[in-house]
Amino acid sequence: MLLDAAAAPLTARPYYQNGDPGPLVAALATVPELLEVSLPFLTTVLGASTLDARTKEIVIVRTSALLHCVYCGNSHSVVALDSGLTAAEVVALRDEPRAALGGEREDALLGWVDAVAGGNGPVADAVAARFGRSFADHEVVELTLLVGATMMLNRFCTALELPTSPAVIDRLTAAGLR
Amino acid sequence: MSTPAAAVAAGVLPGRVWLYSNYHCNLTCTYCLTESGPGVQRRELTAERMLETARQAAELGFTALGVTGGEPFLVPDMPKTLAGLGAILPTVGLTNGTLFTGRRLAAVEVLAGTDVALQISLDSADPAVNDEARGPDNFAKVVAAIPALIERGITVRIATTGESDNPDDLARLCELHRGLGVPDSDHVVRPVISRGRAVTADLGVDATVDDLPAELTITADGAFWSPFGPTVINGRLDTDLLLTRTTDPLRVPAQTLLGLVEGRPAGGDTTLNIR
(Lines give C-alpha, C1' and ligand atoms only; values in the text may rest on other atoms or scores of the structure.)
Protein backbone atom coordinates (compact mmCIF):
# COMPACT_ATOMS: atom_id res chain seq x y z
CA MET A 1 0.00 0.00 0.00
CA LEU A 2 2.93 2.36 0.56
CA LEU A 3 4.46 3.50 -2.74
CA ASP A 4 8.20 3.94 -2.99
CA ALA A 5 9.86 6.49 -5.26
CA ALA A 6 9.93 4.14 -8.26
CA ALA A 7 6.19 3.57 -8.03
CA ALA A 8 5.26 7.18 -7.28
CA PRO A 9 2.65 8.54 -9.70
CA LEU A 10 3.59 11.56 -11.77
CA THR A 11 1.91 14.20 -9.64
CA ALA A 12 3.28 12.61 -6.44
CA ARG A 13 6.90 12.66 -7.55
CA PRO A 14 7.71 16.10 -6.13
CA TYR A 15 7.03 14.74 -2.66
CA TYR A 16 9.77 12.16 -3.16
CA GLN A 17 12.43 14.55 -4.45
CA ASN A 18 14.15 14.87 -1.10
CA GLY A 19 14.02 11.21 -0.23
CA ASP A 20 11.46 9.16 1.68
CA PRO A 21 8.41 11.39 2.17
CA GLY A 22 7.08 9.25 5.01
CA PRO A 23 4.26 6.75 5.18
CA LEU A 24 1.41 9.26 5.05
CA VAL A 25 2.45 10.57 1.64
CA ALA A 26 3.44 7.08 0.51
CA ALA A 27 -0.08 5.86 1.29
CA LEU A 28 -1.93 8.84 -0.16
CA ALA A 29 0.14 8.57 -3.35
CA THR A 30 -1.87 5.49 -4.30
CA VAL A 31 -4.71 7.93 -5.01
CA PRO A 32 -2.76 10.85 -6.42
CA GLU A 33 -5.70 13.20 -6.80
CA LEU A 34 -6.33 12.86 -3.07
CA LEU A 35 -2.68 13.47 -2.28
CA GLU A 36 -2.78 16.63 -4.38
CA VAL A 37 -5.52 18.19 -2.28
CA SER A 38 -5.06 16.57 1.12
CA LEU A 39 -1.38 17.33 1.63
CA PRO A 40 -1.75 21.07 1.05
CA PHE A 41 -4.82 21.02 3.30
CA LEU A 42 -3.08 19.12 6.09
CA THR A 43 0.07 21.22 5.76
CA THR A 44 -2.01 24.36 6.08
CA VAL A 45 -4.07 23.16 9.01
CA LEU A 46 -1.28 21.47 10.97
CA GLY A 47 1.60 23.72 9.91
CA ALA A 48 2.73 27.23 10.71
CA SER A 49 -0.04 29.78 11.05
CA THR A 50 -1.00 32.72 13.23
CA LEU A 51 -1.21 30.29 16.12
CA ASP A 52 2.13 29.39 17.68
CA ALA A 53 3.56 25.94 17.12
CA ARG A 54 3.39 25.02 20.80
CA THR A 55 -0.36 25.61 20.92
CA LYS A 56 -0.96 23.58 17.79
CA GLU A 57 1.17 20.67 18.96
CA ILE A 58 -0.69 20.59 22.28
CA VAL A 59 -3.86 20.06 20.26
CA ILE A 60 -2.36 17.43 17.98
CA VAL A 61 -0.66 15.37 20.68
CA ARG A 62 -3.68 15.45 22.96
CA THR A 63 -6.13 14.58 20.19
CA SER A 64 -3.89 11.73 19.04
CA ALA A 65 -3.73 10.40 22.59
CA LEU A 66 -7.51 10.47 22.89
CA LEU A 67 -7.87 8.56 19.62
CA HIS A 68 -5.05 6.16 20.48
CA CYS A 69 -3.14 6.86 17.29
CA VAL A 70 0.34 5.46 17.80
CA TYR A 71 1.72 6.87 14.55
CA CYS A 72 0.49 10.44 15.13
CA GLY A 73 1.25 10.32 18.85
CA ASN A 74 4.83 9.30 18.23
CA SER A 75 5.45 11.62 15.29
CA HIS A 76 3.94 14.68 16.96
CA SER A 77 5.56 14.05 20.30
CA VAL A 78 8.81 14.75 18.51
CA VAL A 79 7.36 17.82 16.81
CA ALA A 80 6.05 18.96 20.18
CA LEU A 81 9.53 18.71 21.69
CA ASP A 82 10.84 20.75 18.78
CA SER A 83 8.06 23.28 19.38
CA GLY A 84 9.09 23.99 22.96
CA LEU A 85 7.14 21.47 25.03
CA THR A 86 9.08 19.58 27.66
CA ALA A 87 9.11 15.80 27.82
CA ALA A 88 7.06 16.06 31.02
CA GLU A 89 4.44 18.16 29.24
CA VAL A 90 4.24 15.65 26.41
CA VAL A 91 3.72 12.87 28.95
CA ALA A 92 1.00 14.93 30.61
CA LEU A 93 -0.83 15.28 27.29
CA ARG A 94 -0.52 11.60 26.51
CA ASP A 95 -1.62 10.38 29.93
CA GLU A 96 -5.16 9.44 30.82
CA PRO A 97 -6.41 11.20 32.77
CA ARG A 98 -4.22 14.00 31.53
CA ALA A 99 -2.50 16.38 33.88
CA ALA A 100 -3.03 20.13 33.64
CA LEU A 101 -0.33 22.12 31.93
CA GLY A 102 -0.68 24.88 34.49
CA GLY A 103 -1.81 27.94 32.58
CA GLU A 104 -5.40 29.08 32.13
CA ARG A 105 -5.15 29.55 28.36
CA GLU A 106 -3.70 26.10 27.70
CA ASP A 107 -5.94 24.34 30.18
CA ALA A 108 -8.99 25.97 28.59
CA LEU A 109 -7.71 24.76 25.25
CA LEU A 110 -7.29 21.22 26.58
CA GLY A 111 -10.80 21.27 27.94
CA TRP A 112 -12.03 22.14 24.46
CA VAL A 113 -9.89 19.44 22.83
CA ASP A 114 -11.08 16.80 25.28
CA ALA A 115 -14.69 17.75 24.59
CA VAL A 116 -14.35 17.86 20.81
CA ALA A 117 -12.12 14.84 20.28
CA GLY A 118 -13.21 12.75 23.23
CA GLY A 119 -16.89 13.52 23.44
CA ASN A 120 -20.08 13.21 21.48
CA GLY A 121 -22.67 15.83 20.74
CA PRO A 122 -22.44 19.50 21.68
CA VAL A 123 -19.62 20.84 23.82
CA ALA A 124 -20.76 21.80 27.30
CA ASP A 125 -21.50 25.50 27.65
CA ALA A 126 -19.03 25.95 30.49
CA VAL A 127 -16.19 24.38 28.47
CA ALA A 128 -17.03 26.50 25.43
CA ALA A 129 -17.29 29.67 27.47
CA ARG A 130 -13.95 29.11 29.15
CA PHE A 131 -12.32 28.38 25.79
CA GLY A 132 -13.93 31.47 24.25
CA ARG A 133 -12.53 33.72 26.96
CA SER A 134 -8.96 32.75 26.02
CA PHE A 135 -9.18 32.60 22.24
CA ALA A 136 -10.54 34.88 19.53
CA ASP A 137 -13.25 33.62 17.20
CA HIS A 138 -10.86 32.94 14.33
CA GLU A 139 -8.62 31.01 16.68
CA VAL A 140 -11.58 28.95 17.87
CA VAL A 141 -12.34 28.08 14.28
CA GLU A 142 -8.75 27.21 13.45
CA LEU A 143 -8.17 25.13 16.56
CA THR A 144 -11.42 23.24 16.10
CA LEU A 145 -10.53 22.43 12.53
CA LEU A 146 -7.12 21.35 13.79
CA VAL A 147 -8.77 18.90 16.18
CA GLY A 148 -10.97 17.58 13.39
CA ALA A 149 -8.14 17.23 10.89
CA THR A 150 -6.03 15.46 13.50
CA MET A 151 -8.88 13.06 14.24
CA MET A 152 -9.15 12.29 10.55
CA LEU A 153 -5.43 11.60 10.41
CA ASN A 154 -5.59 9.56 13.60
CA ARG A 155 -8.17 7.20 12.19
CA PHE A 156 -6.47 7.02 8.80
CA CYS A 157 -3.04 6.25 10.21
CA THR A 158 -4.36 3.82 12.82
CA ALA A 159 -6.59 1.91 10.44
CA LEU A 160 -3.83 1.57 7.88
CA GLU A 161 -1.24 0.83 10.58
CA LEU A 162 1.26 3.35 9.25
CA PRO A 163 4.68 2.60 10.70
CA THR A 164 6.59 5.01 12.92
CA SER A 165 9.94 5.84 11.38
CA PRO A 166 13.13 4.65 13.12
CA ALA A 167 14.31 8.25 13.42
CA VAL A 168 11.20 9.17 15.43
CA ILE A 169 11.63 6.15 17.68
CA ASP A 170 15.24 7.15 18.30
CA ARG A 171 14.17 10.68 19.27
CA LEU A 172 11.45 9.41 21.58
CA THR A 173 13.86 6.99 23.22
CA ALA A 174 16.45 9.72 23.73
CA ALA A 175 13.80 11.94 25.34
CA GLY A 176 12.58 9.15 27.62
CA LEU A 177 9.20 9.05 25.93
CA ARG A 178 9.13 5.33 25.12
CA MET B 1 -4.09 26.19 -17.63
CA SER B 2 -5.81 25.84 -21.00
CA THR B 3 -8.67 23.46 -21.71
CA PRO B 4 -8.18 19.98 -23.15
CA ALA B 5 -10.03 21.09 -26.28
CA ALA B 6 -7.65 24.00 -26.85
CA ALA B 7 -4.64 21.85 -26.09
CA VAL B 8 -5.75 19.13 -28.51
CA ALA B 9 -6.52 21.69 -31.20
CA ALA B 10 -3.08 23.25 -30.69
CA GLY B 11 -1.34 19.89 -30.84
CA VAL B 12 -0.13 20.22 -27.28
CA LEU B 13 -2.17 17.24 -26.15
CA PRO B 14 -2.67 14.13 -28.29
CA GLY B 15 -6.25 13.76 -29.45
CA ARG B 16 -6.71 10.07 -28.73
CA VAL B 17 -8.17 8.66 -25.52
CA TRP B 18 -7.43 5.01 -24.86
CA LEU B 19 -9.75 2.57 -23.13
CA TYR B 20 -8.50 -0.67 -21.59
CA SER B 21 -11.60 -2.79 -22.16
CA ASN B 22 -10.19 -5.76 -20.23
CA TYR B 23 -6.96 -7.39 -19.20
CA HIS B 24 -7.54 -11.06 -20.00
CA CYS B 25 -6.31 -12.58 -23.24
CA ASN B 26 -6.21 -15.89 -25.07
CA LEU B 27 -2.47 -15.37 -25.67
CA THR B 28 0.51 -14.95 -23.33
CA CYS B 29 2.94 -12.96 -25.46
CA THR B 30 6.50 -12.74 -24.21
CA TYR B 31 6.59 -8.94 -24.23
CA CYS B 32 3.05 -8.24 -23.04
CA LEU B 33 2.87 -4.98 -21.12
CA THR B 34 0.03 -6.13 -18.93
CA GLU B 35 1.01 -9.74 -18.25
CA SER B 36 -2.26 -10.63 -19.92
CA GLY B 37 -3.26 -14.23 -20.40
CA PRO B 38 -6.20 -16.59 -19.99
CA GLY B 39 -6.03 -16.71 -16.20
CA VAL B 40 -5.61 -13.07 -15.25
CA GLN B 41 -8.23 -10.86 -13.62
CA ARG B 42 -10.49 -9.41 -16.30
CA ARG B 43 -10.76 -5.90 -14.86
CA GLU B 44 -13.25 -4.93 -17.56
CA LEU B 45 -14.71 -1.59 -18.42
CA THR B 46 -18.37 -2.15 -19.18
CA ALA B 47 -19.75 -1.17 -22.56
CA GLU B 48 -21.80 1.56 -20.91
CA ARG B 49 -18.72 2.90 -19.16
CA MET B 50 -16.72 2.96 -22.39
CA LEU B 51 -19.47 4.70 -24.31
CA GLU B 52 -19.95 7.30 -21.58
CA THR B 53 -16.20 7.93 -21.48
CA ALA B 54 -16.26 8.37 -25.23
CA ARG B 55 -19.08 10.90 -25.01
CA GLN B 56 -17.22 12.86 -22.37
CA ALA B 57 -14.02 12.67 -24.41
CA ALA B 58 -15.81 14.18 -27.40
CA GLU B 59 -17.30 16.93 -25.23
CA LEU B 60 -13.84 17.74 -23.86
CA GLY B 61 -12.44 18.10 -27.36
CA PHE B 62 -10.60 14.85 -27.84
CA THR B 63 -10.71 13.64 -31.40
CA ALA B 64 -10.15 9.88 -31.44
CA LEU B 65 -10.43 6.74 -29.36
CA GLY B 66 -8.41 3.57 -28.98
CA VAL B 67 -9.50 0.33 -27.37
CA THR B 68 -6.93 -2.12 -26.10
CA GLY B 69 -6.46 -4.84 -23.52
CA GLY B 70 -6.00 -7.79 -22.96
CA GLU B 71 -7.81 -9.05 -26.00
CA PRO B 72 -10.88 -6.87 -26.44
CA PHE B 73 -12.73 -9.40 -28.56
CA LEU B 74 -12.93 -11.79 -25.63
CA VAL B 75 -15.50 -9.36 -24.23
CA PRO B 76 -19.01 -10.25 -25.40
CA ASP B 77 -20.59 -7.65 -27.66
CA MET B 78 -17.27 -5.90 -28.32
CA PRO B 79 -18.13 -5.45 -32.03
CA LYS B 80 -21.31 -3.57 -31.09
CA THR B 81 -19.44 -1.56 -28.48
CA LEU B 82 -16.78 -0.60 -30.99
CA ALA B 83 -19.44 0.41 -33.48
CA GLY B 84 -20.98 2.61 -30.80
CA LEU B 85 -17.65 4.17 -30.01
CA GLY B 86 -16.97 4.75 -33.70
CA ALA B 87 -20.24 6.65 -33.95
CA ILE B 88 -18.90 9.07 -31.34
CA LEU B 89 -15.26 9.43 -32.42
CA PRO B 90 -12.97 7.68 -34.89
CA THR B 91 -11.81 4.55 -33.13
CA VAL B 92 -9.02 2.04 -33.48
CA GLY B 93 -9.49 -1.31 -31.80
CA LEU B 94 -6.37 -3.30 -31.03
CA THR B 95 -6.65 -7.05 -31.34
CA ASN B 96 -4.41 -10.05 -31.68
CA GLY B 97 -6.51 -11.12 -34.66
CA THR B 98 -6.75 -14.76 -33.65
CA LEU B 99 -10.44 -14.91 -32.82
CA PHE B 100 -12.03 -13.95 -36.14
CA THR B 101 -13.64 -17.19 -37.22
CA GLY B 102 -17.19 -18.44 -37.20
CA ARG B 103 -19.61 -16.37 -35.09
CA ARG B 104 -17.01 -13.78 -34.08
CA LEU B 105 -16.17 -13.12 -37.72
CA ALA B 106 -19.84 -12.73 -38.51
CA ALA B 107 -20.40 -10.47 -35.50
CA VAL B 108 -17.57 -8.14 -36.45
CA GLU B 109 -19.30 -7.33 -39.75
CA VAL B 110 -21.16 -4.64 -37.83
CA LEU B 111 -17.94 -2.62 -38.13
CA ALA B 112 -18.06 -2.53 -41.93
CA GLY B 113 -18.34 1.03 -43.15
CA THR B 114 -17.98 2.50 -39.67
CA ASP B 115 -15.26 4.81 -38.38
CA VAL B 116 -13.58 1.90 -36.65
CA ALA B 117 -10.30 0.32 -37.70
CA LEU B 118 -8.91 -2.89 -36.27
CA GLN B 119 -5.20 -2.89 -35.54
CA ILE B 120 -3.83 -6.41 -35.60
CA SER B 121 -0.49 -7.46 -34.23
CA LEU B 122 1.87 -9.14 -36.66
CA ASP B 123 5.53 -9.09 -35.75
CA SER B 124 7.32 -10.93 -38.52
CA ALA B 125 6.92 -12.39 -41.98
CA ASP B 126 8.61 -15.47 -40.61
CA PRO B 127 5.96 -17.60 -38.89
CA ALA B 128 8.47 -19.13 -36.49
CA VAL B 129 9.79 -15.73 -35.37
CA ASN B 130 6.29 -14.31 -35.00
CA ASP B 131 4.97 -17.32 -33.11
CA GLU B 132 7.95 -17.48 -30.77
CA ALA B 133 6.77 -14.25 -29.16
CA ARG B 134 3.02 -14.56 -29.69
CA GLY B 135 2.24 -18.25 -29.43
CA PRO B 136 1.70 -21.31 -31.62
CA ASP B 137 -0.26 -20.85 -34.85
CA ASN B 138 -0.55 -17.11 -34.28
CA PHE B 139 0.89 -16.27 -37.68
CA ALA B 140 -1.45 -18.60 -39.54
CA LYS B 141 -4.52 -17.27 -37.73
CA VAL B 142 -3.59 -13.64 -38.32
CA VAL B 143 -2.80 -13.96 -42.02
CA ALA B 144 -6.12 -15.75 -42.45
CA ALA B 145 -8.06 -13.15 -40.47
CA ILE B 146 -6.75 -10.03 -42.18
CA PRO B 147 -8.11 -10.70 -45.69
CA ALA B 148 -11.32 -12.09 -44.19
CA LEU B 149 -11.88 -8.82 -42.36
CA ILE B 150 -10.95 -6.68 -45.35
CA GLU B 151 -13.34 -8.67 -47.54
CA ARG B 152 -16.10 -7.72 -45.12
CA GLY B 153 -15.37 -4.03 -45.50
CA ILE B 154 -13.47 -3.57 -42.25
CA THR B 155 -10.42 -1.33 -42.14
CA VAL B 156 -7.38 -3.23 -40.91
CA ARG B 157 -4.10 -1.83 -39.67
CA ILE B 158 -1.07 -3.85 -38.71
CA ALA B 159 1.14 -3.18 -35.70
CA THR B 160 4.57 -4.69 -35.58
CA THR B 161 6.31 -4.88 -32.25
CA GLY B 162 9.84 -6.15 -32.22
CA GLU B 163 13.51 -5.78 -31.68
CA SER B 164 14.80 -6.63 -35.14
CA ASP B 165 16.77 -3.85 -36.83
CA ASN B 166 17.29 -5.88 -39.98
CA PRO B 167 15.81 -3.93 -42.92
CA ASP B 168 15.31 -7.17 -44.85
CA ASP B 169 12.98 -8.46 -42.13
CA LEU B 170 10.92 -5.30 -42.35
CA ALA B 171 10.87 -5.39 -46.14
CA ARG B 172 9.55 -8.95 -46.13
CA LEU B 173 6.91 -8.04 -43.58
CA CYS B 174 5.79 -5.04 -45.64
CA GLU B 175 5.58 -7.22 -48.72
CA LEU B 176 3.40 -9.59 -46.73
CA HIS B 177 0.99 -6.97 -45.39
CA ARG B 178 0.64 -5.35 -48.82
CA GLY B 179 -0.23 -8.76 -50.17
CA LEU B 180 -2.84 -9.15 -47.47
CA GLY B 181 -4.42 -5.87 -48.50
CA VAL B 182 -2.99 -3.50 -45.88
CA PRO B 183 -1.18 -0.45 -47.28
CA ASP B 184 2.02 0.99 -45.83
CA SER B 185 0.07 3.88 -44.36
CA ASP B 186 -1.77 1.42 -42.12
CA HIS B 187 1.36 -0.32 -40.82
CA VAL B 188 2.97 0.88 -37.60
CA VAL B 189 6.29 -0.40 -36.28
CA ARG B 190 7.32 0.12 -32.69
CA PRO B 191 9.85 -1.27 -30.26
CA VAL B 192 9.21 -3.63 -27.40
CA ILE B 193 8.89 -1.49 -24.29
CA SER B 194 10.56 -2.83 -21.21
CA ARG B 195 7.54 -2.93 -18.96
CA GLY B 196 5.33 -5.77 -17.80
CA ARG B 197 6.28 -9.24 -18.96
CA ALA B 198 9.04 -7.80 -21.15
CA VAL B 199 10.94 -6.91 -17.99
CA THR B 200 10.71 -10.46 -16.75
CA ALA B 201 11.87 -11.71 -20.16
CA ASP B 202 14.65 -9.10 -20.29
CA LEU B 203 13.27 -7.65 -23.52
CA GLY B 204 12.84 -4.18 -24.92
CA VAL B 205 13.92 -0.64 -24.40
CA ASP B 206 13.39 1.53 -21.36
CA ALA B 207 10.80 4.22 -21.84
CA THR B 208 10.36 7.14 -19.48
CA VAL B 209 7.44 9.50 -19.33
CA ASP B 210 9.32 11.79 -21.74
CA ASP B 211 9.41 9.01 -24.34
CA LEU B 212 5.69 8.35 -24.25
CA PRO B 213 3.05 10.54 -25.88
CA ALA B 214 0.61 11.86 -23.30
CA GLU B 215 -2.41 9.88 -24.47
CA LEU B 216 -5.07 9.80 -21.78
CA THR B 217 -5.70 6.16 -20.92
CA ILE B 218 -8.67 4.91 -18.94
CA THR B 219 -8.69 1.57 -17.15
CA ALA B 220 -10.66 -0.13 -14.42
CA ASP B 221 -7.83 0.90 -12.07
CA GLY B 222 -7.70 4.58 -12.94
CA ALA B 223 -6.37 6.98 -15.56
CA PHE B 224 -2.83 6.86 -16.89
CA TRP B 225 -0.42 9.01 -18.88
CA SER B 226 -0.26 6.60 -21.80
CA PRO B 227 -1.50 3.19 -22.92
CA PHE B 228 1.99 2.06 -21.94
CA GLY B 229 1.24 3.15 -18.37
CA PRO B 230 -1.13 0.62 -16.78
CA THR B 231 1.39 -2.17 -17.02
CA VAL B 232 1.57 -5.14 -14.71
CA ILE B 233 4.59 -6.93 -13.37
CA ASN B 234 4.49 -9.98 -11.13
CA GLY B 235 0.77 -9.46 -10.83
CA ARG B 236 1.05 -5.89 -9.50
CA LEU B 237 -0.17 -2.84 -11.36
CA ASP B 238 2.51 -0.22 -12.04
CA THR B 239 1.54 3.18 -10.68
CA ASP B 240 4.43 5.31 -11.89
CA LEU B 241 2.35 6.64 -14.81
CA LEU B 242 -0.93 6.78 -12.88
CA LEU B 243 -2.69 10.13 -13.19
CA THR B 244 -5.79 9.70 -11.05
CA ARG B 245 -7.96 6.92 -9.74
CA THR B 246 -10.93 9.04 -10.76
CA THR B 247 -12.03 8.42 -14.34
CA ASP B 248 -15.57 9.81 -14.21
CA PRO B 249 -15.93 12.67 -14.87
CA LEU B 250 -13.22 12.40 -17.50
CA ARG B 251 -12.28 16.06 -17.05
CA VAL B 252 -10.54 15.13 -13.76
CA PRO B 253 -7.78 13.01 -15.31
CA ALA B 254 -7.83 15.13 -18.48
CA GLN B 255 -7.00 18.27 -16.52
CA THR B 256 -4.34 16.44 -14.53
CA LEU B 257 -2.76 15.20 -17.74
CA LEU B 258 -2.91 18.63 -19.29
CA GLY B 259 -1.33 20.20 -16.21
CA LEU B 260 1.56 17.77 -16.45
CA VAL B 261 1.94 18.26 -20.20
CA GLU B 262 2.00 22.03 -19.88
CA GLY B 263 4.71 21.74 -17.25
CA ARG B 264 6.80 19.44 -19.39
CA PRO B 265 9.83 20.63 -21.35
CA ALA B 266 9.29 20.65 -25.11
CA GLY B 267 10.65 17.95 -27.37
CA GLY B 268 12.08 14.51 -26.78
CA ASP B 269 8.81 12.66 -26.95
CA THR B 270 9.21 10.84 -30.21
CA THR B 271 12.64 9.28 -29.96
CA LEU B 272 11.35 5.73 -29.57
CA ASN B 273 8.60 6.01 -32.20
CA ILE B 274 6.08 4.80 -29.67
CA ARG B 275 2.67 5.09 -31.20
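The values are calculated or read from the model by the stated rules, or taken from the named source; none is laboratory data. Just so it is clear, the model here is predicted, and its values are computed rather than measured. Note: ideal-geometry Cβ built from the backbone for every residue, glycine included; neighbour counts use all protein chains shown.
Values as computed for the structure displayed
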quantity	calculated
Close pairs (9 angstrom Cβ cut-off, 6 or more residues apart or separate chains): more than 16 Å from A:Ala5 (Cβ to Cβ) and more than 7 Å from every other protein chain (Cβ to nearest Cβ) in the range B:234-250, surrounded by fewer than 14 Cβ atoms within 10 Å (Cβ to Cβ) and of a type in the set (Gly, Ala, Ser) anywhere	none
Residue identified as part of a helix (DSSP H, G or I), outside the structural domain of A:Pro21 (by TED's automatic domain parsing) and surrounded by 15 or more Cβ atoms within 10 Å (Cβ to Cβ) among A:His138, A:His76	A:His76
Flag for B:Asp169 being part of a helix (DSSP H, G or I), surrounded by fewer than 20 Cβ atoms within 10 Å (Cβ to Cβ), more than 19 Å from the chain's Cα centre (by Cα) and among the acidic types (Asp, Glu)	yes
Scope the range A:90-109; condition in contact (Cβ under 8 Å) with a residue 24 or more places away in the chain and in a helix (DSSP H, G or I); matching residues	A:Val90, A:Val91, A:Leu93, A:Arg94, A:Glu104, A:Arg105, A:Glu106, A:Ala108, A:Leu109
Boolean, B:Arg157 is in contact with a strand residue (DSSP E or B) (Cβ under 9 Å, 6 or more places away or on another chain), within 14 Å of another protein chain (Cβ to nearest Cβ) and of a type in the set (Lys, Arg)	no
Selection from the range A:157-170 of residues that are assigned to a helix (DSSP H, G or I) and either over 12 Å from the mean Cα position of the chain (by Cα) or on the phi > 0 side of the Ramachandran plot (or both)	A:Thr158, A:Ala159, A:Pro166, A:Ala167, A:Val168, A:Ile169, A:Asp170
Any hit, the range A:4-26, residues being more than 14 Å from chain B (Cβ to nearest Cβ) and in contact with a Cys (Cβ under 9 Å, 6 or more places away or on another chain)	yes
In the range A:27-63, residue nearest to A:His76 (Cα to Cα) [restricted to those that are of a type in the set (S, T, N, Q) and within 14 Å of another protein chain (Cβ to nearest Cβ)]	A:Ser38
Pick from the range A:42-73, criterion part of a helix (DSSP H, G or I), in contact with a helix residue (DSSP H, G or I) (Cβ under 8 Å, 6 or more places away or on another chain) and among the polar types (S, T, N, Q), ranking: nearest to A:Asn154 (Cα to Cα)	A:Ser64
Among the residues listed as A:Val61, A:Val70, the single one being on the phi < 0 side of the Ramachandran plot, in the same structural domain as A:Gly119 (by TED's automatic domain parsing) and out of contact with any Lys or Arg (no Cβ under 9 Å at 6 or more places or on another chain)	A:Val70
Residue match in the range B:92-105 (condition: surrounded by fewer than 20 Cβ atoms within 10 Å (Cβ to Cβ), within 22 Å of B:Arg16 (Cβ to Cβ) and modelled with pLDDT of 95 or more)	no
Residue in the range A:140-150 that is over 16 Å from A:Val45 (Cβ atoms) and at pLDDT 95 or above present	no
Hey, A:Ser38 among the hydroxyl-bearing types (Ser, Thr, Tyr), assigned by TED's automatic domain parsing to the domain that holds A:Pro23 and surrounded by 15 or more Cβ atoms within 10 Å (Cβ to Cβ) or not	yes
